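All remarks here apply to the structure that follows.
The values are calculated or read from the model by the stated rules, or taken from the named source; none is laboratory data. If you're wondering where the values come from, they're calculated on a predicted model, not measured in any experiment. Heads up, the Cβs are rebuilt from the backbone with ideal geometry, glycines too, and the neighbour counts pull from every protein chain shown.
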Amino acid sequence: MSASRQAQALQLVSVEVVGQSWGIPIAAVREVLGPQSLTPVPLAPPAVAGFLNLRGRIVTVLDLRATLGLGRTEEPERATEIVIEQDGELYSLMIDGVGDALTFPASAMEQPPQIMDARWRGLTDGIIKLDGKLLLVLGLDRMLAAVATAA
């Protein structure tokens, strides 16, 4: 790892999905929403929960539980959503809850272990050790590619 990368800080928003903490790059986060009314999308991949209208802009809602292979969110009408922007497009990730904004030195992030479930390892940019638990850093490009190929 280069000295300039080590000097960079990782800024993440922590979210919870079925008790597991995930970090989302704070630069991609646009806002956090409470429960939303969704429009279903016929023939969409399982991870696509629907569309929502966010101030006149159509946003694709992705069920992060389904993306992670944990089944669909049981009560989507009660889920928290975090809106991200990736490559100029808005997406809303359906999650169980949002935590804190966290800052770490880039050197705190480690590669995911080979024994990690292949699906999760494929969606993870790295892992950060916290007191008593692990924060998995969600690779947004990887996640969106996985959803697109699941169609």
Residues of the range 49-72 satisfying the condition of being in a strand (DSSP E or B), among the aliphatic types (A, V, I, L, M) and out of contact with any Phe, Trp or Tyr (no Cβ under 8 Å at 6 or more places or on another chain): Ala49, Leu52, Leu54
Residues within the range 14-48 that are in a strand (DSSP E or B) and under 16 Å from Leu90 (Cβ atoms), tallied: 9
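Being surrounded by fewer than 17 Cβ atoms within 10 Å (Cβ to Cβ) and of a type in the set (S, T, N, Q): is that true of Thr103 here?
Values: surrounded by fewer than 17 Cβ atoms within 10 Å (Cβ to Cβ): yes; of a type in the set (S, T, N, Q): yes.
Yes, satisfied.
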I need a count of the residues in the range 45-72 that are surrounded by fewer than 20 Cβ atoms within 10 Å (Cβ to Cβ) and within 14 Å of Pro35 (Cα to Cα). 5
Residue pairs, Cβ under 8 Å, 6 or more apart or interchain, first in the range 27-51 and more than 15 Å from Ile84 (Cα to Cα) and at pLDDT 90 or above, second surrounded by fewer than 13 Cβ atoms within 10 Å (Cβ to Cβ) and among the β-branched types (Val, Ile, Thr). List them. Gly50/Thr39
